[in-house]
1. Select from region 62-116 the residues that are within 19 Å of D126 (Cα to Cα), free of Cβ contacts under 8 Å to residues at least 60 places away in the same chain, polar (S, T, N, Q) and not in a helix (DSSP H, G or I) and list them in ascending order.
2. Taking the conditions exactly as written (within 10 Å of the chain's Cα centre (by Cα) and hydrophobic (A, V, I, L, M, F, W, C)), does L154 satisfy them or not?
3. Being open to solvent by 70 Å² or more (accessible area, probe 1.4 Å) and either under 20 Å from the mean Cα position of the chain (by Cα) or modelled with pLDDT of 85 or more (or both) is the filter here, so list the residues in region 77-96 that pass it.
4. Pull up region 103-125, narrow it to residues that are of a type in the set (F, W, Y) and closer than 18 Å to C91 by Cβ, then point me to the one that is most open to solvent (accessible area, probe 1.4 Å).
5. Of (1) polar (S, T, N, Q); (2) at pLDDT 75 or above; (3) within 30 Å of E79 (Cβ to Cβ), N241 satisfies all except one. Which?
6. I'd like the full set of residues that are in a helix (DSSP H, G or I) and open to solvent by 50 Å² or more (accessible area, probe 1.4 Å), limited to region 154-170.
7. Give the number of residues within region 122-168 that are among the small types (G, A, S) and under 25 Å from V178 (Cβ atoms).
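The values are calculated or read from the model by the stated rules, or taken from the named source; none is laboratory data. Here the structure is a predicted model, which is why all the values come from computation and not from measurement. Because the Cβ atoms are built from the backbone with ideal geometry, glycine has one as well, and the counts that use them run over all protein chains shown. Keep in mind that these areas ignore ligands, DNA and RNA; they rest on the heavy atoms of the full protein, side chains included. Shrake-Rupley method; radii C 1.70, N 1.55, O 1.52, S 1.80 Å.
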Amino acid sequence: MWAEGESEGLQTLGIVVVVCSSLKLLHYLGLIDLSDDIAWCYYQYQRDKIEDELEMTMVCHRPEGLEQLEAQTNFTKRELQVLYRGFKNECPSGVVNEETFKQIYAQFFPHGDASMYAHYLFHAFDTTQTGSVKFEDFVTALSILLRGTVHEKLRWTFNLYDINKDGYINKEEMMDIVKAIYDMMGKYTYPVLKEDTPRQHVDIFFQKMDKNKDGIVTLDEFLESCQEDDNIMRSLQLFQNVM
């Protein structure tokens, strides 16, 4: 069994990498405001916490199918061992359902309501739409977020924002994502959030991304716009060397 700090290291890696990466990217996309001192300090604290806790993680365990996962991801054998042992420690059944996913987020963001963002994120991890996330799903997503190419990271992010999976991002979907982020952060965004702030941020996003002004953002438009922005490109490298 892992020590307390070791299991927290996996939970922090799996959750904060996605959340902090999303927060920073959404900030540069104009969708949320991280200028507030409390929100920014919270973001920096969680980012720094990842590296501190992963330093405590030492595991000697070889899961079945390790070689296949090593070939399919950008992780080494040792890194996969760390991730697998932690995943089994957090999820003894070997799978995570949406309710468990939401419970983990609720503990991690006690000052807000993380249920909707956890819902969207769960479905981004559950690529086969089976209603559960296996270790293979988990580690594949982390491989993209931590070690993937720019295109892979942006495609994964686009898929997260494309809630109904029709290949486009519309304003309603983007509004739902922004509201879910603000609800999750809770007091770390309020009271700086004004009633019309989410709509303003969504409008800025579409001004930047919707190249042909047809009211939707395609994957090609998203990729092109993101790669034209140096800040966004830097944000994608935040956790490149976290493990």
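1. S93, N97
2. no
3. K77, R78
4. Of everything passing the filter in region 103-125, F108 is most open to solvent (accessible area, probe 1.4 Å).
5. Failed condition: (2).
6. If the condition is that a residue be in a helix (DSSP H, G or I) and open to solvent by 50 Å² or more (accessible area, probe 1.4 Å), then R155, N159 are the ones that fit.
7. Count: 4.
Here is a yes/no grid of residues against (1) under 19 Å from V178 (Cα atoms); (2) touching a residue at least 12 places away in the same chain (Cβ under 8 Å); (3) in contact with a Phe, Trp or Tyr (Cβ under 7 Å, 6 or more places away or on another chain):
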| position | (1), (2), (3) |
| --- | --- |
| H201 | yes, yes, no |
| I204 | yes, yes, no |
| K213 | no, no, no |
| I216 | yes, yes, yes |
| F222 | yes, yes, yes |
| N231 | no, yes, yes |
| S235 | yes, yes, yes |
